[in-house]
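Just so it is clear, none of the values below were taken in a lab; they were calculated from the coordinates. In this text, all values refer to a predicted model and were calculated from it rather than measured experimentally. Here the Cβ positions follow ideal geometry from the backbone for every residue, glycine too, while neighbour counts run over all protein chains shown.
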Amino acid sequence: MTTAPYNYSYIFKYIIIGDMGVGKSCLLHQFTEKKFMADCPHTIGVEFGTRIIEVSGQKVKLQIWDTAGQERFRARDVTYEEAKQFAEENGLLFLEASAKTGENVEDAFLEAAKKIYQNIQDGSLDLNAAESGVQHKPSAPHGGRLTSEPQPQKEGCSC
């Protein structure tokens, strides 16, 4: 069986973290579905969404992982000014976004992707490092097509 070739050059992996109830799932839904989910249930474990965007003429698949709010990710409360200053001092992207209105949601994900792509182009991001969260387009055998070969079934496994 053959499938169509991948239609993107890179995969960028994002992880959304934060305290419970702050709107992580709503942010993911707003970006991937372009609509606000008013009665968003609490995430149990991890949710996942994808979207293909274009950055500098390259198709990029964003894999976005939405974590359940966990205390171990908890940070101290900071003011807008403190957060902005920290971002500026550390070369980080800083902007406020609203999952409810959609304001700056696109910009948050797209600007981060542009920065990642820029880091790839200038060599400051190692695509061979697993922890980079970036993968180059998977290689596809047979003229750009992927084939599905039957895999031997493991004992006691119904997969």
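Observations on the structure shown:
- Here 13, 61 are placed in order of increasing Cβ neighbour count within 10 Å, fewest first, which gives 13, 61.
- Taking 0.36 nm per residue of sequence separation and removing the Cα-Cα distance, the residue 110/residue 67 pair yields an extension gain of 13.5 nm.
- With R₀ fixed at 25 Å, the C-beta to C-beta distance from residue 54 to residue 98 puts the FRET efficiency at about 0.55.
- Given charges at beta-carbon only (K, R positive; D, E negative), |dipole| of segment 2-138 in Debye: 560
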